[in-house]
Structure formats: structure tokens, C-alpha cells
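> Please read through the structure below; I'll follow up with questions.
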Amino acid sequence: MSNLPPLASVRVFEAAARLENFTAAGQELGMTQAAVSYQVKLLEERLGVSLFHRAGRKVQLTERGRSLAPVIIRAFDEMRQGFAALAGEDSSVLTISCTNSFANLWLAPRIGGFQMRQPGLAVRISSSDALVDFARDGIDVAIRGGKGEWPGLDARLLSHNRLAPLCSPAFLAANGPLADARALLALPRLSPNDIWWYEWFADMGVGSTLPSFRLRSRSIPR
């Protein structure tokens, strides 16, 4: 047992190897991209091998990383299944996954009324901004923002959202006035890799100038 590397680093490697993206792994684990990179580096130093090739913001598994990844991913899948079985979850529990903001601002205040109409059904809210794997995560329903283009899933429109960038008056005074949407590319933005920035920039006609951005999902219907 003493030869095992720290579990925290192994857990981060599993997510990073499965997603092949440090930023997406950080979003899933509730960590920053820098923290993911640091934990992977610790694991590489402990093992004495390189697990990822790094080229700017892109990462790719090395040959050693590709040989290790399936073993670690399979082990974590088995652990998840074991804990799910131990929890004894059954069909009387409805598990809903949604973003933190949607859970707090819209869903949570309405759950009480729903449960009064459905007394035999318990509802559990899993609030996370990470993508959902229905086959692995024990989620029954997921609520996400998007255009509904998720192959293999049954998507239903709940509401329309309006997107608009916002800033403080002090920020605008220091950096404005802004001539057009393209000017925002040179300014600091909160969560610059958030998919909604790419949607907004694309609608404003400057999407082709953005760096490539990819979200990988293993979401499949249950």
C-alpha cells in the first residue's frame, strides 16, 4: 500500500485522462485548471514518467499515460458503482442535475410544491456546472443551457435566456468606451472559456477569431 501515489493526484489524473482537458477536469472536480496541472505534475514526479504532452492549452496523453488511463478510469468506475449500490438508491428517488445558479434561483423554490403533488417520490438536487454522464453518475434528469443539440438524449425546452456581457461602472470607465464586440477580446473576462462567451461572440460575428474550444461528453441515455 505504501507504493501507491496520493489518491488526490490519482483522482485528478482520472478526470484529466478521461476528458483529455485540464480545464474540463477542473470544472468537474471543482478545481482550477492550475490546480489540476499541479496535481498531475505531482503524480508524474512520483511515478518518474510523463503522462501528458502539453502544448499551450492543449494536453494529450503520452504513451505511458494511455497505458495507465484505462486501468485508473475502470477502477474509479467500479468504485462509483460500488458506492451507488451501497447507497441503495431505487426508483422512488428522482435525481436532478442542474447548474448552481439554476438550482438556487429557479428549481429549489419550486421543489416543495412538486413534492406535495408527488408524495411518493423523493427528489434530490445535484447542483454542478459539469457535464453529466447518465450511465455513470446516477442522474435521472439534467437541466443545462444550450441549443438542445445533444445526440442520443431526449431534450425539452424549458425557457429562453438572454445573454449580455456586464461590467462594473469602474471597469467601463477604465477600459471604455468599447467600439464593438471584438474589443472585448483584448479585455479580461470572468470565466473566459465558458461556452456562453463563445455563443455570444459567434452571434456578434466574431466567433471565427476565437481559439478552438471543445467540450467532451460521454453523456448517453439511461
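The values are calculated or read from the model by the stated rules, or taken from the named source; none is laboratory data. For clarity, every value in this text was computed on a predicted model and none was experimentally measured. In this analysis, Cβ positions are derived from the backbone assuming ideal geometry, glycine residues included, and neighbour counts consider all displayed protein chains.
> Looking at the structure I just gave you, is R57 over 30 Å from L163 (Cα atoms), out of contact with any Cys (no Cβ under 6 Å at 6 or more places or on another chain) and in contact (Cβ under 8 Å) with a residue 60 or more places away in the chain?
For R57, the condition - over 30 Å from L163 (Cα atoms), out of contact with any Cys (no Cβ under 6 Å at 6 or more places or on another chain) and in contact (Cβ under 8 Å) with a residue 60 or more places away in the chain - is not met.
> Oh, and also: In this structure, does A135 turn out to be among the hydrophobic types (A, V, I, L, M, F, W, C), at pLDDT 80 or above and loosely packed, with under 15 Cβ neighbours inside 10 Å?
Against the criterion (among the hydrophobic types (A, V, I, L, M, F, W, C), at pLDDT 80 or above and loosely packed, with under 15 Cβ neighbours inside 10 Å), A135 does not qualify.
> Right, another one. Test of understanding: among S50, S37, which residue is at pLDDT 85 or above, part of a helix (DSSP H, G or I) and touching a helix residue (DSSP H, G or I) at 6+ places or on another chain (Cβ under 8 Å)?
Step by step, each of S50, S37 is checked, and only S37 is at pLDDT 85 or above, part of a helix (DSSP H, G or I) and touching a helix residue (DSSP H, G or I) at 6+ places or on another chain (Cβ under 8 Å).
> Could you list, in sequence order, the residues of segment 149-166 that are small (G, A, S) and surrounded by fewer than 10 Cβ atoms within 10 Å (Cβ to Cβ)?
The answer is G152, S159, A164.
> With respect to A15, is the statement that it is modelled with pLDDT of 90 or more, among the aliphatic types (A, V, I, L, M) and touching a Leu at 6+ places or on another chain (Cβ under 6 Å) true?
So A15 passes the test.
> For segment 24-42, which positions are among the β-branched types (V, I, T) and surrounded by 18 or more Cβ atoms within 10 Å (Cβ to Cβ)?
V36, V40
> Taking E44 and the conditions (1) within 12 Å of the chain's Cα centre (by Cα); (2) more than 15 Å from N193 (Cβ to Cβ), which numbered condition does it fall short on, given that it satisfies the others?
(1)
Residue-wise test of (1) modelled with pLDDT under 90; (2) more than 24 Å from the chain's Cα centre (by Cα).
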| residue | (1), (2) |
| --- | --- |
| R66 | no, no |
| V71 | no, no |
| F76 | yes, no |
| G82 | yes, no |
| L86 | yes, yes |
| C98 | yes, no |
| G113 | yes, yes |
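> Taking the stated definitions as given, is A179 outside any loop (DSSP other than H, G, I, E, B) and not assigned by TED's automatic domain parsing to the domain that holds M79?
It is false that A179 is outside any loop (DSSP other than H, G, I, E, B) and not assigned by TED's automatic domain parsing to the domain that holds M79.
> Given segment 60-174, what strands (runs of 3 or more DSSP E) lie entirely inside it while holding 3 or more residues that are touching a helix residue (DSSP H, G or I) at 6+ places or on another chain (Cβ under 6 Å) and outside the structural domain of D203 (by TED's automatic domain parsing)?
Per the criteria, 122-127.
> Do we find a residue being over 24 Å from S126 (Cβ atoms), surrounded by fewer than 10 Cβ atoms within 10 Å (Cβ to Cβ) and among the hydroxyl-bearing types (S, T, Y) anywhere in segment 189-210?
Taking every residue of segment 189-210 in turn, at least one turns out to be over 24 Å from S126 (Cβ atoms), surrounded by fewer than 10 Cβ atoms within 10 Å (Cβ to Cβ) and among the hydroxyl-bearing types (S, T, Y).
> Of all residues in segment 1-22, which are within 19 Å of G48 (Cβ to Cβ) and surrounded by 12 or more Cβ atoms within 10 Å (Cβ to Cβ)?
P5, P6, A8, S9, V10, V12, F13, A16, A17, listed by residue number.
> If you check A130, A142, A179, A103, which single one turns out to be among the small types (G, A, S) and surrounded by fewer than 14 Cβ atoms within 10 Å (Cβ to Cβ)?
Just one listed residue meets the conditions, A179.
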